[in-house]
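K.L.:
One structure follows; several queries about it will come next.
The values are calculated or read from the model by the stated rules, or taken from the named source; none is laboratory data. All values reported here derive from a predicted model rather than from experimental measurement. Backbone-built Cβ (ideal geometry, glycine too); neighbour counts: all protein chains shown. To get the accessible areas, we keep the full protein, side chains included, count just its heavy atoms, and leave off ligands, DNA and RNA. Shrake-Rupley method; radii C 1.70, N 1.55, O 1.52, S 1.80 Å.
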Amino acid sequence: MKTPWCFKMSYAKIGLFLVAATIASCNTLKRVDEDELLLTKNTILADGEKVVDEDIESLIVQEPNSTLLGYPLRLNLYNLAKPHPDSTYQAWLHRKEKREQRLANLLSRKQVARLGESFLVKGYSEWLKNIGEAPVTIDTSKAKKTLQRLTAYYGSKGYFNNSASYEVVPSRKRQRAALAYLIDLGSPYIIDSLSSDIASVAIDSIYRLHRAASLIKEGNQFDLEDFNMERERLTQLFRNSGVFDFQESSITYDIVRDTTRANEDTRMEVELNIENLRRRGDTLANGTEYKVHRFEKVNIFADYTFQDNISNLQSTDYETYTIYYKDKLRYKPKALTDAIFLAKDSIYRDIDRLRTYRQITNLNTFKYPNIEFIQDSTRTRLISNIYLSARPKFSLGMDLDITHSNIQQLGIGFSTSLITRNVFGGAETLSLSARGTFGLLSDQSLTEDFFSEIGGDINLIFPRIWFPLVSTKKIIPYYMLPQTRLSAGTSFQQNIGLDKQTFNTVYGYSWTPSNLVKNSLELLNIQFVRNVNPSRFYYVYTSSYSSLDAIADDFENEPALAEFYEETDDPDDLNLIIPEGTTGFTNAILDRQVSATDTQFTEVNRIEERRLRLTENNLIFTSNFTYTRNNKADLNDNEFYQFRLKLESAGNLLSGIANIIPFERNDDLQQLVFGVPYSQYIKTEFDFIHHWEISRSNVLAFHSFFGIAVPYGNSNSIPFVRSYFAGGSNDNRAWNPYSLGPGRTQGLDDFNEANMKIALNLEYRFPIAGDIKGAIFADAGNIWNIWDNVDDPDATFKGISSLKDIALGTGFGLRYDFTYFVFRVDYGFKTYNPAEELSRRWFRDYNFANGEFQIGINYPF
């Protein structure tokens, strides 16, 4: 007898209650001595005002124990651990006189000793200590160290006369207290005048030309950070103006206060000093004057190894460069020189050096380059030697994946790729890949249990914009890392859906104008999708079959339709035969061969239109442009934004050709290419992400998305592969994929999709214990049909009034950080369900029984 679901839920709730009760019963002060105080809070008051700046708070040496929603979870986990598990075990072992001997007889003396090191005895406590947190008690020495840091910080902000102290603020609870740090700032020092003393004539000239951009200005309050940033600005300026060997250490500042003024006068004089270059052993008197450098010569060493003797190499001159090589030059000279931004007779610029590194790496043909600079005796001319070490001509890669989805119960995927570099001598990269996935289907009602999918791709990448007869070098310079991609691929499915065969090809460009911006332009993206077994439609889309079969139940006694039914286990219930019966019954209704109500006719017509749309072959000729802006500095940056805009147009090229060469048309007057109606639509997407770092480990993440695809001309709907769906682990987590929408419909189809989508997501992320993180989230959004062939008012977007059909899901989740990826589980509750009646939409299914469990890899946004 199976345990009823309600009892299973009860057992789970009892278990959760017992765990919660165990943790809650822990004594927070269990590891706090009688003469110690548990630190509960830190407060900084500057001139009586509370400081909430996180950078200043980070100066505090001693932080209170972390909490989860106000509860010291990690502290209590630590308290659950035994402080001395070894001695505890030994005490237990010898508590009874013959216990150790009996265990030794049962196991062995060695195993009895190992038992004390086991997880249950010692490891469990060590694990609790590792994920837990020892109690933080007030340490006056650390409080004094915090005062030193705060004094130094405010001194760096111009409060040279500040003073600091701290107070222990007792709590109403026993053995608990807070610390209050009190800062008396005093008057800030102000920059009254600026002057400069620069030893080098060249440096002085460059400085005067760019002095207006200085970060240090008269009348500003002294801020050490401004001085540091100004030193970095000047260093970058000089090194990008020809001063090859400039050192930041040459820049110093003299800060003077006029002692003849009154004590309360906090005005100060600042003098910028830039000394000459000093090498090891130099003194102030014999420093070397900085000068502007120009390139005398630029040499490129192709396929270089450290064992090479330069005198034995051959050479060739190309433009202003000299290229050295062994035996035979394997690269087109232009491919090498286009990646070099150091040119003869040009001044040295640090940015050109960095761009050269980036572009050579972008070629994917050489390892990280070595660039050498040699000064002449006048210290005004440079010789640059660029050493390029080739990567292997061929490389082979293999991957193994295990997959699972709502269609695949278990799948094993294999893939292999062969990369060939410098294919045509211009640093081109050719990649050939093959893949295959095999496994078991989830739906046991299908006639087959196994599925397979195989495919292959070929990619050719040029490290430049390749456009016939047109030069784009001035529009998209090489420092923007331009690439041209030509690709073609195909895949074949068996026993997956309708057994699609897909052929695709892409001709596109990408370039990166800056570290923040990336552009992608696909001039041509062609995709052909062929459904090999459209007769399997009602096996795959079972909801459509159930709707059609429910209507057919009213016509079971029609003699003319008897051949379309088959018997079931219930003699009073007949089912439509797939596909003969479904096709015959549909034609009978739509051809008015039998009498049907307007509602029945409309519903059958809707199902048939969906069947035709999802089983028809698709030919999609598109062009698209994607603009991405991302200011994320690195993987640890928790304060950033990302914006993506995509514009896509489909079918216009073929439509233009049709004006010259007439195409064949089908019964619906759609133009055909190779017997398939081509898709025509315009599509726009906006995607925005913003992360705010609430504290050093707490992040608030926001995501918004809007997408719309409008069919026109040769199409009245969007291909399924280019439409939108809602729900799933990366969207609205209170609904499964494809189960939300369109609009306020009940999600009647197996794969609900539409041509317009709105999504809004908000997630608060916080640490729990060690690598375990937590999150609470709210997901809002939906999909709708607009300006296409769907006329269902519940699924159609009608304007502002349709926004009341935006679904809201809320929930919580856990994440485990494996460093290289994050494993994520979420549980979402249907908070506002637009499929319900208007008065019953809020919190009707807000319970665990109707929630959705989602699994994902990495964060959803």
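K.L.:
Which links in K30/K142; K328/K473; K41/K773; K646/K683; K518/K646 stretch past 19 Å when you go from one Cα to the other?
P.N.:
Numbers: K30/K142 23 Å; K328/K473 28 Å; K41/K773 23 Å; K646/K683 8 Å; K518/K646 12 Å.
Where the Cα-Cα span goes over 19 Å, the pairs concerned are K30/K142; K328/K473; K41/K773.
K.L.:
Rank these residues by their accessible area, most exposed first, probe 1.4 Å: I465, I386. Walk me through the numbers on the way to the answer.
P.N.:
Details: I465 25, I386 0 Å².
Output order, biggest surface exposure first: I465, I386.
K.L.:
Ignoring ligands and nucleic acids, what accessible area does Y189 show with a 1.4 Å probe (Å², nearest 10)?
P.N.:
So the heavy atoms of Y189 present about 20 Å² to solvent.
K.L.:
Please compute P(r) over all alpha-carbon pairs of the stretch 679-786, binned at 10 Å starting from zero, and give each bin as a whole-number percent.
P.N.:
Once binned at 10 Å, the Cα pair distances of the stretch 679-786 give 14, 37, 27, 15, 5, 1.
K.L.:
Compare T380, T582, T140 by solvent-accessible area with a 1.4 Å probe and give them largest first, with all protein chains kept in place.
P.N.:
Values: T380 45, T582 5, T140 70 Å².
Greatest to least solvent exposure: T140, T380, T582.
K.L.:
So, R0 is 30 Å and r is the distance between the beta-carbons of L669 and F706; what FRET efficiency does that work out to, to 0.05? Write down the numbers at each step before the final one.
P.N.:
Details: r = 32 Å, r/R0 = 1.08.
FRET efficiency, L669 to F706: 0.40.
K.L.:
Accessible area, 1.4 Å probe, largest first: how do S697, S125 sort?
P.N.:
Details: S697 65, S125 5 Å².
From most accessible down to least: S697, S125.
K.L.:
If you take the charge dipole of the stretch 600-718 about its Cα centre, with +1 on Lys and Arg Cβ and -1 on Asp and Glu Cβ, which of L635, Y678, V710 is farthest toward its positive end?
P.N.:
L635
K.L.:
Can you give the local net charge around I589? Use residues other than it whose beta-carbon is closer than 10 angstrom to its beta-carbon, Lys and Arg +1, Asp and Glu -1. Numbers along the way, then the final one.
P.N.:
Working: positive: R592; negative: D591, E603, E608.
Local charge sum for I589: -2.
K.L.:
Could you state, as a whole-number percent, how many of the C-alpha pairs of the chain are farther apart than 52 Å? Don't skip to the answer; put the middle values down first.
P.N.:
Numbers: 152504 of 370230 pairs.
Result: 41 percent of Cα pairs exceed 52 Å.
K.L.:
OK, next. From the backbone phi of the stretch 712-727, what are the Karplus-calculated ³J(HN,Hα) couplings (6.51 cos²θ - 1.76 cosθ + 1.60, θ = phi - 60°) in whole Hz, Gly and Pro given as x?
P.N.:
Each residue's phi maps through the Karplus curve to give 7, x, 7, 10, 10, 7, 9, x, 4, 6, 10, 8, 10, 9, 10, x Hz.
K.L.:
I would also like to ask the following. About the Cα centre, and with charges only on the beta carbon of Lys, Arg (+1) and Asp, Glu (-1), how big is the dipole of the chain? Nearest 20 debye, please.
P.N.:
Working: 94 positive and 109 negative charges, 768 e Å.
So the dipole magnitude of the chain works out to roughly 3680 debye.
K.L.:
Can you give the % of DSSP beta bridges in the chain that are antiparallel, to the nearest 5? It would help to have the intermediate numbers written out before the result.
P.N.:
Numbers: 204 of 233 bridges.
Among the beta bridges of the chain, antiparallel pairing accounts for roughly 90 percent.
K.L.:
Just read off the accessible area of D634 with the full protein assembly in place, 1.4 Å probe, to the nearest 10 Å².
P.N.:
80 Å²
K.L.:
Same structure again: Tell me, what is the per residue accessible area of the chain in Å², probe radius 1.4 Å? It would help to have the intermediate numbers written out before the result.
P.N.:
Details: 46590 Å² over 861 residues.
Here the per-residue accessible area is 54 Å².
K.L.:
Could you compute how much accessible surface R99 exposes when probed at 1.4 Å, giving the result in Å² to the nearest 10?
P.N.:
For R99, solvent-accessible area is about 40 Å².
K.L.:
Taking Cα centroids, how far is the stretch 742-775 from the stretch 340-364 in Å?
P.N.:
So the separation of the two Cα centres works out to 45 Å.
K.L.:
Which order do peptides 366-379, 494-507 fall in by mean Cβ count within 10 Å, highest first? If you can, show how the numbers build up before the last one.
P.N.:
Details: 366-379: 13.4, 494-507: 17.0.
The most tightly packed comes first, giving 494-507, 366-379.
K.L.:
Hey, what's the per residue convex hull volume over the C-alpha atoms of the stretch 197-268, in cubic angstrom?
P.N.:
On the way: hull volume 7.7 nm³, N = 72.
That works out to 108 Å³ per residue.
K.L.:
Highest mean first, what order results for 764-770, 220-226 on Cβ atoms within 10 Å?
P.N.:
764-770, 220-226
K.L.:
Just from its helices, what would the mean residue ellipticity at 222 nm be for the chain, if runs of 4 or more DSSP H residues each count -39500 (n - 2.57) and the sum is divided by every residue, rounded to the nearest 500 deg cm²/dmol?
P.N.:
Taken over the chain, the calculation gives -6000 deg cm²/dmol.
K.L.:
Okay, next question. Give the residue from L38, L342, S141 lying farthest towards the positive end of the charge dipole for the chain; charges sit on Cβ (+1 for Lys and Arg, -1 for Asp and Glu) and the dipole is referred to the Cα centre.
P.N.:
S141
K.L.:
Further question on the same structure: For the stretch 527-663, just run the numbers: alpha carbon Rg, then divide by 2.2 N^0.38 Å, N being how many residues it has.
P.N.:
Values: Rg = 23.7 Å, N = 137, 2.2 N^0.38 = 14.3 Å.
It is 1.66.
K.L.:
Would you mind telling me the share, in percent, of accessible area of the chain contributed by carbon and sulfur at probe 1.4 angstrom?
P.N.:
Working: 25610 of 46590 Å².
C and S fraction of accessible area: 55 percent.
K.L.:
I need to check one value: relative contact order of the chain, counting alpha carbon pairs closer than 8 Å and at least 6 residues apart, in percent.
P.N.:
On the way: 1753 pairs, mean separation 46.2, N = 861.
In percent, rounded to a whole number, it is 5.
K.L.:
Here is the link list: K50/K173; K217/K297; K798/K830. Which ones come out longer than 31 Å on Cα distance? Walk me through the numbers before you get to the answer.
P.N.:
Values: K50/K173 23 Å; K217/K297 41 Å; K798/K830 24 Å.
Check vs 31 Å cut-off fails for K217/K297.
K.L.:
Which Cα, out of L645, V721, P767, lies furthest along the positive dipole direction of the chain (beta carbon charges, K/R +1, D/E -1)?
P.N.:
Toward the positive end, the furthest listed residue is P767.
K.L.:
Based on the alpha carbons, how large is the Rg to Rh ratio for the stretch 571-625 when Rh follows Kirkwood?
P.N.:
1.18
K.L.:
How much net charge surrounds T320 when only other residues with a Cβ under 11 Å from its Cβ are counted (Lys, Arg +1; Asp, Glu -1)? Mind showing how you got there, number by number?
P.N.:
Values: positive: K297, K344; negative: E296, D317, E319, D345.
Local charge sum for T320: -2.
K.L.:
Mind ranking 840-846, 238-244 by how tightly packed they are, going by the mean number of other C-beta atoms within 10 angstrom, highest first? Display every interim value, and only then the final one.
P.N.:
Values: 840-846: 14.7, 238-244: 21.1.
Per-residue Cβ counts within 10 Å, averaged per peptide and sorted highest first, yield 238-244, 840-846.
K.L.:
Karplus couplings for the stretch 645-653 from phi (6.51 cos²θ - 1.76 cosθ + 1.60, θ = phi - 60°), rounded to Hz, Gly and Pro as x?
P.N.:
10, 10, 10, 9, 10, 10, x, 5, 4
K.L.:
Need the full-extension length gain, L803 to R294, defined as separation in residues times 0.36 nm minus the C-alpha distance. One decimal, nm. Let's see the in-between values first.
P.N.:
Values: separation 509, 0.36 × 509 = 183.24 nm, distance 6.36 nm.
Full extension from L803 to R294 adds 176.9 nm.
K.L.:
Could you tell me the distance between the Cα centroids of the stretch 452-468 and the stretch 588-626, to the nearest Å?
P.N.:
One Cα centre to the other: 36 Å.
K.L.:
Follow-up. Might you report the magnitude of the Cβ-based charge dipole of the stretch 415-565 about its Cα centre, with Lys and Arg at +1 and Asp and Glu at -1, to the nearest 20 debye? Don't skip to the answer; put the middle values down first.
P.N.:
Values: 10 positive and 14 negative charges, 380 e Å.
With only Lys, Arg, Asp and Glu charged at Cβ, the dipole is about 1820 debye.
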